[in-house]
Amino acid sequence: MTGGEVAGILVAVFWAILVSFLAVVLVRLAQTLRATTRLVADVTEQAVPLLADASATVRSAQTQLDRVDAIASDVQEVTSNASALSSTVASTFGGPLVKVAAFGYGVRRALGRDKAERPAERERGRTRRTVIIGRTVPKARGGRNRKG
């Protein structure tokens, strides 16, 4: 055997080792691709029903939102009607009621002023003063207004 033949045998052995190594890598790659294909098929089988359920849920939610929108518009209409009714009642009855209340207050004040307020003024220590041409004159000491 010459050196060229030994070199040829070595190259052939290394070439055979390289080819077998590549064959093992290709077999494993094929197994990985088969497993990936099975996984994608399983995910697809599970995803299709989930997407159908999600689509049905979205449709149901849209229906509910349409109902809520209709209810909200009805509530808005009722609110505007109540506001209009309130302003109508206030304008119709508000003025006369205020006038009646003011009249009743004035009558009570006029009838009960001397009886109800004087003892209260004495208790609080207030003195009633009379103004005469820019001067303040204190009330008489006896507690009564002396007219004369």
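The values are calculated or read from the model by the stated rules, or taken from the named source; none is laboratory data. Quantities reported herein were computed from a predicted structural model and do not represent experimental measurements. As a convention, Cβ positions derive from the backbone with ideal geometry for all residues, glycine included, and neighbour counts pool all protein chains shown. Side chains included, ligands, DNA and RNA excluded: accessible areas come from the protein's heavy atoms. Shrake-Rupley method; radii C 1.70, N 1.55, O 1.52, S 1.80 Å.
The share of accessible area on segment 19-97 that comes from carbon and sulfur is 69 percent, using a 1.4 angstrom probe. Projecting label points 7 angstrom from Cα along Cα→Cβ for Glu77 and Ala61 puts them 2.9 nm apart.
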